[in-house]
Amino acid sequence: MRIDYEQHLNSAQLEAVKHLEGPLLVIAGAGSGKTRTLTYRVAYLVEKGVVPSAILLLTFTRKAAHEMLHRATRLLDRRCQQVAGGTFHSFANLNLRRFASLLGLSADFAILDRADAESLIALLRKEMDISKKARSFPRKTTLANIFSQTVNKTKSIEDIILEDYPQFTDVLDLVTDMHRAYEQRKRDHQFLDFDDLLVFFERLLSEHEDVRRRLAATYQYIMVDEYQDTNKIQADILYRLAQTNRNIMVVGDDSQSIYAFRGANFKNIMDFPDWFAGTRIIGLEENYRSVQPVLDLTNLIIDQAREKYSKHLFTRRTGGALPQLVENEDENSQSRYVVERIMALNRQGVELDKIAVLFRASYHSFDLEIELSRERIPFIKYGGFKFAESAHIKDVLAHMRVIANPSDRVSWYRILMLIDKVGPRSAQKLFNDIRSAKAGCAGMVSLKLPNNTPPGVARLQKLYQTIDTHAPSVADMGQAVVDYYQPLLKAAYDDHPKRARDLEHLVDIMQRYQRLEQFLTDMALEPPNASVDNGLGDETVDAPSRLVLSTIHSAKGLEWNTVFIIWALDGRFPSMQSIYKEHELEEEMRLMYVAATRAEENLIFTYPNNVYEHSLGIILNRPSRFIDMLPDTILEKVYNQL
DNA sequence: TCACGGAATATTTTT
DNA sequence: TATTCCGTGA
């Protein structure tokens, strides 16, 4: 053995790492060395002679998978890079393309991200003339939500509506019709949305035993991170994949389950031993991250939980200041307080990248971002708004998608309607003409345009002629599209210079791709999701130390010396709409737990105490109920005098 | 048929 | 508060 496992791991971690055969459930408390355990187990398996490509590591984000394999590689050697890994969605995508024909799919199906799905729904809504049939009807985002919930919670449309959207009970039939039309249209156009990736993959495994056997034979050792965030379909997928060898290790923490809103069911983790008889259960309870005062507080937060595997985290890290709760006059004084504290910490030698500001919702940091810019404090923001979801990026991507998939009606409509004087009607006509003219975007190229066609359409035709004749690389295509799009951008947005810069970055990203399809898939499945100063973050550049702003969801698994949790205001966190629903309130509480357990040494909650809540017409002025009742010996109360 | 403006409406989090 | 949706006027 090259690695001295006994030296580097505690006894519980060691037990998990050395577990070779059979189902294993690891309940890993916050900061208990979960990633470490997974990493060492990869190395251990490889050292034991397991072929690296027979190991499948499913994680929540591709970043997490990369990180783990990188660490395993550093620990052992390059063999660890051969380990198969990724998110459930990306793994499903890979296999679906391989076995597409078995399910009646084309191998180059396109992936609809949320915004694409919504556009398709908007299109159907128009076609079905909903406005004539119903007075109040859910909007496209709500519809997309409902459709997604039925899949992820495995419930009928009716159940979802009755439980979560009772205001739409009287249009239930119409919603069901819409849903049917949506499913049909996706099939017609070889579209798969995020949920379909899982559904079809599950179907592939359940209906094609030969494929299931093949995959099970390939991936003899399966490891799953963040198991508490899997939903029913994902659990089913794992069950089938692991059925032959039963070498499956899942790691999770029921106290950190924060994705119930998209169907995650932390009961999966409770039920795991029932699904796999003979499961060994190992608990990791020693916390290596936080000092005692922080841990005292987080233990008290999670003690309020009603259902959980009971565990009590302990630490050997003594010392450390008492966590603080800071009351502020209003939002801006909260922002300025945080900025002051950050500058003070920085002067004391705490690097900016050791500090994070966490919040419930992405927009909670807007005011703070302004103050940070004013003080010229560099920061990087994770979560919330996605670069790839902004309108101008989607516009450019649409132009490229029709090259890969000329029957992509949604993209064609998007492209065509951007043109001046082209509305839904002309778009439909043009689309039909393009489709009947010829296969491929050549249909666009060879199109005969009548004299009364808006001039913008001719420009578009020229674009595709250029692309068609020069058969350029992905980046060249992108550049041609951007050049074409530039005038439209200027006309549509006041802030076009900033958006134009985003497009330059987009072309930079394209440079890395040989194949257009690969680029488009990656943009849907793993879009770059960090933004620097509201632009696109480039993670390859060795940037100077930067402060981290992050939604709590995006902060999972990470840690910092100092953590600020802003907007710890009752009515914002927990949010107003979750207060009367017990299970949602529980999830908010776990979210607070996740946030607080990110801190190593300093933990500071802040809240503005004079916030008007529009929907109810009341003033919010209490700290979050999850920390409000903590005694002064646990949480120091401070008033910001600034 | 399209563009525009005003009224309605939902308001988190992410693959 | 910002977006979405619909009706109206060009």
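What the phi angles of the range A:84-95 give under the Karplus curve with 6.51, -1.76 and 1.60, with θ = phi - 60°, is a coupling list of 7, x, x, 7, 3, 5, 6, 5, 4, 4, 4, 6 Hz, glycine and proline written as x. Net charge dipole, chain A: roughly 1740 debye, given to the nearest 20, about the Cα centre with Cβ charges of +1 for Lys and Arg and -1 for Asp and Glu.
Residue by residue, the range A:46-55 carries 3J(HN,Hα) couplings of 5, 5, 6, x, 5, 5, x, 6, 8, 9 Hz when phi is fed to the Karplus relation 6.51 cos²θ - 1.76 cosθ + 1.60 (θ = phi - 60°); x denotes Gly or Pro.
With R₀ set to 35 Å, the beta-carbon distance separating residue A:518 from residue A:176 gives a calculated FRET efficiency near 0.45. With a simple spin-label model that places each label point 7 Å from the Cα along the Cα-to-Cβ direction, the separation between residue A:446 and residue A:351 comes to 6.0 nm. For residue A:80, the shell of other residues with beta-carbons less than 9 Å away shows a net charge of +3, using +1 for Lys and Arg and -1 for Asp and Glu.
What net charge is computed for the residues neighbouring residue A:244, neighbours being all others with C-beta under 13 Å from the C-beta of residue A:244, Lys and Arg scored +1, Asp and Glu -1? So the surrounding residues net to +2. For the range A:1-70, the dipole from Cβ point charges (+1 on Lys and Arg, -1 on Asp and Glu) about the Cα centre works out to 240 debye, to the nearest 20. Legend: calculated FRET efficiency, residue A:5 to residue A:97, from the Cβ-Cβ distance at R0 = 22 Å, rounded to 0.05, equals 0.05. Computed from label points 7 Å out along Cα-Cβ, the spacing between residue A:468 and residue A:375 is 5.7 nm.
Using only the C-alpha atoms, the convex hull of the range A:15-101 corresponds to 115 Å³ per residue. Placing a label point 7 Å from the Cα of residue A:583 along the Cα-to-Cβ line, the residues of the range A:148-190 whose backbone N sits under 12 Å from it are A:153-155, A:160, A:163-164. Find how much the distance from residue A:136 to residue A:437 grows on full extension, using 0.36 nm per residue of separation minus their present alpha carbon separation; answer in nm with one decimal. So the extension gain works out to 104.4 nm. One chain, two ends: residue A:421 and residue A:81. Fully extended at 0.36 nm per residue, the span grows by 117.1 nm beyond their Cα-Cα distance.
Of the residues A:66, A:516, A:461, the one whose Cα sits farthest towards the positive end of the charge dipole of chain A is A:461 (charges of +1 on Lys and Arg Cβ, -1 on Asp and Glu Cβ, taken about the Cα centre). Shown is the FRET efficiency for residue A:288 and residue A:21, computed with R0 = 25 Å from the Cβ-Cβ distance and rounded to the nearest 0.05: 0.30. In this simple spin-label model, placing a label point 7 Å from the Cα along the Cα-to-Cβ direction at both residue A:340 and residue A:612 gives a separation of 2.6 nm.
Of the residues A:161, A:255, A:92, the one whose Cα sits farthest towards the positive end of the charge dipole of chain A is A:92 (charges of +1 on Lys and Arg Cβ, -1 on Asp and Glu Cβ, taken about the Cα centre). Relative to the current alpha-carbon distance between residue A:306 and residue A:500, full extension at 0.36 nm per residue lengthens the span by 64.8 nm. Close amide-amide hydrogen proximity is noted between residue A:603 and A:324, A:563, each under 5 Å apart and 5 or more residues distant or on a separate chain (H modeled in the peptide plane; Pro and chain starts excluded).
Projected onto their three principal axes, the Cα atoms of chain A cover extents of 80, 62, 53 Å, largest first. Where only DSSP H runs of four or more residues are counted, chain A gives -15000 deg cm²/dmol as its mean residue ellipticity at 222 nm, each run worth -39500 (n - 2.57). Antiparallel beta bridges, as assigned by DSSP with both residues in chain A, represent about 15 percent of the total such bridges.
Evaluate the charge dipole of the range A:388-528 about its Cα centre and quote only its size in Debye, nearest 20, assuming +1 on the Cβ of each Lys and Arg and -1 on the Cβ of each Asp and Glu.
Dipole about the Cα centre, nearest 20: 620 debye.
With the cut-off at 23 Å, tell me which of the pairs A:34/A:311; A:34/A:63; A:126/A:581; A:311/A:556; A:34/A:267 have Cα atoms farther apart than that. Correct reply: A:126/A:581. Sequence-ordered 3J(HN,Hα) estimates for the range A:56-69 from the Karplus curve with 6.51, -1.76 and 1.60 and θ = phi - 60° stand at 10, 10, 9, 10, 7, 10, 5, 4, 5, 5, 4, 3, 5, 5 Hz, glycine and proline given as x. Projecting the Cα atoms of A:178, A:607, A:631 onto the dipole axis of chain A, where Lys and Arg carry +1 and Asp and Glu carry -1 at the beta carbon, places A:178 farthest toward the positive end. Would you work out if the range A:110-189 is rounded, prolate or oblate? Take a ≥ b ≥ c from the square roots of the eigenvalues of the alpha-carbon gyration tensor; rounded if a/c is under 1.5, else prolate when a/b is larger than b/c, oblate otherwise. It comes out oblate by the Cα gyration axes.
No value in this document is a laboratory result; all are computed from the given coordinates. Nothing here was measured: the structure is a model prediction, and the numbers come from that model. We place every Cβ from the backbone using ideal geometry, glycine too, and count neighbours over all the protein chains shown.
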